[in-house]
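Colleague: Dropping the structure in here first, questions after.
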Amino acid sequence: MKHLKAPKADVAVVDDHERLLQNLRDYTSTIFSLLWQRQAIFLSATILTGYYFDPLNAVLFYVIILFTELQDFRHAKRVAALRPIQRRAISLAYGAILVNTTLSSGVICVYAVSVAFSQQAGGHFTPLFFLFAAALFAAMNNHQLVPALAVRLTLYGISFAIITIRDLWMINPPIQSELWLHFFTVLFVMYFLIDCSVVFFKLYRKNLDAMETLKQEHAHTTAAYLVKSQFVSTVSHELRTPLTSIKLSLDLINSGALGSVPEKMKAIVETAGRNGERLSKLIDDLLDLQKLEAGEMRYHMEVMNAQSFLRDAIDANVRFAEAKEVKLVADYPDDPPLFIEADEMRMMQVMSNMISNAVKFSHKGGTVTVGCLDRKGKTTIFVKDEGMGIPDGSREKVFGKFLQIDSSDRRQVGGTGLGMSISKEIIEQFKGKIDYISKPGSGTTFFVELPTHTSAVRHLEQA
């Protein structure tokens, strides 16, 4: 057996540009998600201050803010299209965002200070509240990019200080004055805002670290899965070659081509032949499972006559049924013909799984009915048995991998538990579905629903 090497996990230490790009994407995502909220806030502030203060100054403020918002939107779209390998573009986008952030927060600060300067000392509730709202918004939504957040909080803090210190400078009040209370309150507010920013930043970093851990674990899991798939594929192929020789030899012995088999050896050789067949089926199932999981299963789609196909499926499985003393019965109309589109070989694999399961779970002397019918533009192919039925709540086991209804050590029916799982994957590739109806003690009906190929039917009618 070939030595298997574990593929290297695609886990690299996140470099500065990758982390910066992630920060930029998270930062600019709020530009899209909070676009209209911000416009409503700016428009409301413009209308309010324009009515009570200088309308020309308010309109100028709004025009400049809209320009910065437009620039933010352009930068956000550019960042969304960037890839980690575009290091220079990432750096340029980062610089452009910081410049526009400085301009945007600077305009807000200048306007707030200008409104405050038009008021009497101590009456600055409106501009101070606007600055507080802007700073809180930044703390909550700009923590992904620390330099941008630092720029905003610094400029807002300077504006707070200019407004309150100017009053103290002009009035020179005693320490008991409300102007000093305003100053100390501003200091407290700035501390509160900085503390909020730190809390939001820590939560953001914690989420980033958790996401990075998940990515690494996913990479390790993917690597382990690839090793498993390679192992299964290699072992299956390595076993198939000697098994084919063994099986061929046993078939020749059992057929009498090499002479008559002594009575004492006959039962043993027949048992070995049956077990060789089971082992071959197991290897085929494992290889099919590996192909399905790797997305390497190839299909040759063609339009098939469902009735003709079912006749072939019954002929292919009738000997197995006779060996189990079970009768296969066909139940389908010859007219009108029903057409489906599928891979004939894979469809036959599905039918063999359904029929063999029905036969294995039937009692001796029982009957398994194989048929099809047209139902609302879909062709339903069914296999009905008169066996023990399937207990309620067993659907996951029926279509699961390596699972059987009876998983005890003394189960009467063997198998890998892969047949119906593989069948489900195949039928879904044909844009159909596979399911069953069962009642314990009253048998089970497995059915496959596939779209009826109407163009083939129409062509036949025209002919």
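Colleague: Treating only the Cβ of Lys, Arg, Asp and Glu as charged (+1, +1, -1, -1), what charge dipole size does the chain show about its Cα centre? Round to the nearest 20 debye.
Modeller: Around 700 debye, computed over the chain.
Colleague: From the residues GLY366, PHE130, SER356, which one has its Cα farthest along the dipole of the chain in the positive direction, the dipole being from +1 and -1 charges on Cβ of Lys/Arg and Asp/Glu about the Cα centre?
Modeller: Of GLY366, PHE130, SER356, it is PHE130.
Colleague: SER280: net charge of surrounding residues, Cβ under 12 Å, Lys/Arg +1, Asp/Glu -1, itself excluded?
Modeller: Local charge sum for SER280: +1.
Colleague: Can you sort MET265, MET388, MET420 by how many other beta carbons sit within 10 Å, fewest first?
Modeller: The most exposed by this proxy come first: MET265, MET388, MET420.
Colleague: Right, next: So which lysines pass the test for LYS378, namely a Cα distance under 27 Å, with those fewer than 8 places away in the same chain ruled out?
Modeller: Here the lysines satisfying the reach criterion relative to LYS378 are LYS397, LYS424, LYS431, LYS433, LYS439.
Colleague: Mind listing the long-range amide H neighbours of LEU338? Cut-off is under 5 Å, sequence gap 5 or more, other chains count too, H placed in the peptide plane at 1.01 Å from N.
Modeller: Result for LEU338 returns ALA306, GLN307.
Colleague: Taking neighbour counts of Cβ atoms within 10 Å as a proxy for exposure, in what order, fewest first, do PHE188, PHE73 appear?
Modeller: Placing the least packed residue first, the sequence is PHE188, PHE73.
Colleague: Taking the inverse of the average 1/r across all pairs of different Cα atoms in the chain, what Kirkwood radius in Å do you get?
Modeller: By the Kirkwood definition, the hydrodynamic radius is 29.7 Å.
Colleague: Please work out how much length the chain gains when fully extended from GLU293 to LEU203, using 0.36 nm per residue of separation minus the C-alpha to C-alpha distance, in nm with one decimal.
Modeller: 28.7 nm
Colleague: Can you give the three extents of the C-alpha atoms in segment 16-172 along their principal axes, from longest to shortest, in whole Å?
Modeller: The principal-axis extents, from largest down, are 57, 30, 21 Å.
Colleague: For the chain, what does the helix formula give at 222 nm: sum of -39500 (n - 2.57) over DSSP H segments with n ≥ 4, over the residue count, nearest 500 deg cm²/dmol?
Modeller: Calculated at 222 nm, the ellipticity per residue is -23000 deg cm²/dmol.
Colleague: Starting at the first residue of segment 337-343, write each ³J(HN,Hα) from the Karplus equation 6.51 cos²θ - 1.76 cosθ + 1.60 with θ = phi - 60°, in whole Hz, x for Gly and Pro.
Modeller: x, 10, 10, 10, 10, 6, 8
Colleague: Sorting SER442, SER280, SER105 on the 10 Å Cβ count, fewest up front, what's the list?
Modeller: In increasing order of surrounding Cβ atoms, one gets SER442, SER280, SER105.
Colleague: Still on this structure, I have one more. Rounded, prolate or oblate for segment 120-161? Axes are the square roots of the Cα gyration tensor eigenvalues, ordered a ≥ b ≥ c, and the cut-off for rounded is a/c under 1.5.
Modeller: In terms of gyration-tensor shape, oblate.
Read the figures in this text as sums done on the coordinates, not as results from a lab. All of these numbers come straight from a predicted model, not from anything done at the bench. Cβ atoms come from the backbone with ideal geometry, glycine included; neighbour counts cover every protein chain shown.
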